[in-house]
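Chemist: Below are the C-alpha cells for one structure; questions will follow.
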Amino acid sequence: QVQLVESGGGLVQPGESLRLSCTASGNIYSIYDMGWYRQAPGKQRELVASVNKYTGANYADSVKDRFTISRDIAKNTVFLQMNSLKPEDTAVYYCHLRDEVTTEGDLDYWGQGTQVTVSS
C-alpha cells in the first residue's frame, strides 16, 4: 500500500521559514493530486496547497503570498516552502495523495502528520 513520509516540521518564531517534504512510496498508479492539509485544535482540516495532475497548483487564500508548493515527479515527492510564518499557521500538517486508479476508483492516502508551531 502507499505510504507517505513527511519531514520538516518544527518550532519557529514568527517571520521565519520552514520547508516541508513528503515522499510517497508503494503501489502508485498515477498521482491525481498531492499536497498538504492542516488542522489546528478545534478547527476543521483545511487544504493548504496541492498540485493537481490536470489543473496545477492550488493554494488557500491565507497562504498564497507566503507559501510555495513544488514537486519532483520522478521521486513522487512534494515540497512546501513556508515563508513569513505566522502564529495562525500553527497546526498539524498532513501530506495527502490521491491516486488515480480506474479499477478501484480514486484512492486517498494520508501521512501521520507533522507539527508546525509558530510562537514567540
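The values are calculated or read from the model by the stated rules, or taken from the named source; none is laboratory data. Model, not experiment: these values are computed from the prediction. In this analysis, Cβ positions are derived from the backbone assuming ideal geometry, glycine residues included, and neighbour counts consider all displayed protein chains. The accessibility values were calculated without ligands, DNA or RNA, using every heavy atom of the protein model including side chains. Shrake-Rupley method; radii C 1.70, N 1.55, O 1.52, S 1.80 Å.
Chemist: How big is the shadow of the Cα convex hull of segment 1-58, averaged over all directions, in nm²?
Modeler: Numbers: hull surface 22.0 nm².
Here the figure is 5.5 nm², rounded to one decimal.
Chemist: From the protein chains alone at 1.4 Å, what is the descending order of accessible area for Glu88, Glu100, Glu46, largest first? Don't skip to the answer; put the middle values down first.
Modeler: Details: Glu88 130, Glu100 50, Glu46 80 Å².
Result of the area sort, largest leading: Glu88, Glu46, Glu100.
Chemist: Consider a paramagnetic label point 7 Å from the Cα of Glu16 along Cα→Cβ; state which residues of segment 33-73 have an amide N under 18 Å from it.
Modeler: 67
Chemist: For the chain, what does the accessible surface come to per residue with a 1.4 Å probe? Please give it in Å². If you can, show how the numbers build up before the last one.
Modeler: Working: 6700 Å² over 120 residues.
Value returned for the chain: 56 Å² of accessible area per residue.
Chemist: With N set to the residue count of segment 49-120, report its C-alpha Rg divided by 2.2 N^0.38 Å to two decimal places. Don't jump to the answer; show the numbers that get you there.
Modeler: Working: Rg = 14.0 Å, N = 72, 2.2 N^0.38 = 11.2 Å.
Compactness ratio reported: 1.26.
Chemist: On to the next question. What is the percent carbon and sulfur in the accessible area of the chain, measuring with a 1.4 Å probe over the protein chains and ignoring ligands? Please list the in-between numbers first.
Modeler: Numbers: 3010 of 6700 Å².
Ligands and nucleic acids excluded, carbon and sulfur give 45 percent.
Chemist: Let me ask another. Quick one: putting +1 on the C-beta of Lys and Arg, -1 on the C-beta of Asp and Glu, what dipole do you get for the chain around its Cα centre, in Debye to the nearest 20?
Modeler: Working: 11 positive and 14 negative charges, 54 e Å.
Magnitude of the dipole: close to 260 debye.
Chemist: Specify the inter-centroid distance of segment 56-87 and segment 11-55, based on alpha-carbon positions, in whole Å.
Modeler: 7
Chemist: For a bin width of 10 Å, list the pair-distance distribution of the chain built from all Cα-Cα distances, rounded to whole %.
Modeler: Histogram of Cα-Cα distances, whole percents per bin: 14, 47, 30, 8, 1.
Chemist: Also, quick follow-up: For a paramagnetic label modelled at 7 Å from the Cα of Ala60 toward its Cβ, which residues of segment 73-93 fall within the zone defined by backbone nitrogen distances under 19 Å?
Modeler: Counting only backbone N, you get 78-93.
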